[in-house]
1. N48 to E110: FRET efficiency via 1/(1 + (r/R0)^6), r the Cβ-Cβ distance, R0 41 Å, to the nearest 0.05?
2. Can you pick out the pairs among K25/K193; K30/K107; K25/K55; K147/K186; K3/K160; K22/K55 whose Cα atoms lie more than 19 Å from each other?
3. Can you work out ³J(HN,Hα) from phi for every residue in segment 163-180, in order, using Karplus 6.51 cos²θ - 1.76 cosθ + 1.60 and θ = phi - 60°, giving whole Hz and x for Gly and Pro?
4. If packing is taken as the mean number of other Cβ atoms within 10 Å per residue, what is the order of 111-119, 14-22, highest first?
5. With each label point set 7 Å from Cα along the Cα-Cβ vector, what nm distance links K55 and M1?
6. Pulled fully out, how much extra length does the chain show between F169 and K22, if you take 0.36 nm times their separation in residues and subtract their Cα-Cα distance?
7. By accessible area of protein heavy atoms, probe 1.4 Å, what ranking do Y31, Y187 get, highest first?
8. Classify segment 58-101: rounded, prolate or oblate, from the alpha-carbon gyration tensor (a ≥ b ≥ c, eigenvalue square roots; a/c under 1.5 rounded; otherwise prolate if a/b is larger than b/c)?
Amino acid sequence: MKKLSIIIPILNEERNIPILIKRIKNLKLKYEYDITFINDGSTDNSWNIIKQLNKEENRIKGISFSRNFGHQIALTAGVDNSHSDILIMMDGDLQHPPEYIPHMIKKYEEGYDVVQMIKKNQGKRNLLQKLSSFMFYKLFRKISGVKISSHISDYRLISKKVINQIKKFNEKERFIRGIVNWVGFKYMEIKYKVEERKYGYSKYNIFELTKLASFGVFGFSSFPLRMSFYFGLFFSFFSFLFAIYTIVVRLMTPEKVPVGYTDIIVMITFIGGIQLIFLGILGLYISKVFEQVKDRPIYIINEKI
């Protein structure tokens, strides 16, 4: 019989863990399965609860990091430590309803290697977060060539083939949503309704979402670098035309040439600003290369059960 693993990253979800376990058990899944919680630096009682649940039932397992390494790294640790035929990733905040798991398994049995859950709604996100998310995914599809939905989530099923390919990745900064789509294989989507969080609060604030977006853009595209070249080419051409214009005006009607340096100052300030922006982009890419060549482990396991 094929084995199924459910990996669940958690950060301070002590009140949600028992509820989630109960709902998964109620599904009466036909496959032999285990549930692995990845404790991403929780400061509440989450890890002690997982250890107690493990004593009661050995199919409940856990990996505890030495500190917080981030949601995408926690998912990576779950993949790295998986030896199952089927892997399901989901969050531990109850916003990913486990009742969809049988539907995902059914699609896997039909031959799909990736069954991606797509949100019907955005939950309680504010207007700014919804608009930013829509614009990011629209931009991401344009510049990366990876076609992912604007309502994608980290709730998915992947097959052994996909698991084995993801294990080969060695990036320090991970954008799992992009990686799963990038590897290919037979893919399909199922829509689900995001449930309201019962306890705790979302760990993905606007800053964390911006950080995740940067992983996607800089990890899957060199477009910002190419854009700096195109901008430089355009403004060089524009500056050349402007120089010719000022020379012609000076020769043809010298009395009409304005006194002062306002136009020069405006041009210098504008072009200088553009240069600083793209120097910043270069700096971001260099910082990511720096992080990669240091070759530090992307996570450290403190305890494993």
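The values are calculated or read from the model by the stated rules, or taken from the named source; none is laboratory data. Given the structure is predicted, the values throughout are model-derived calculations rather than measurements. Backbone-built Cβ (ideal geometry, glycine too); neighbour counts: all protein chains shown. Protein only, heavy atoms only, side chains kept; ligands, DNA and RNA dropped before computing areas. Shrake-Rupley method; radii C 1.70, N 1.55, O 1.52, S 1.80 Å.
1. Step by step, r from the Cβ atoms, then E = 0.50.
2. Result: K25/K193 exceed 19 Å.
3. 4, 5, 6, 5, 5, 7, 6, 10, 4, 7, 10, 10, 10, 4, 4, x, 4, 4
4. Ranking, from highest mean packing down: 111-119, 14-22.
5. 2.8 nm
6. Extra length from F169 to K22 when fully extended: 49.5 nm.
7. Greatest to least solvent exposure: Y187, Y31.
8. Oblate shape, in that a/c is at least 1.5 and b/c is the bigger or equal ratio.
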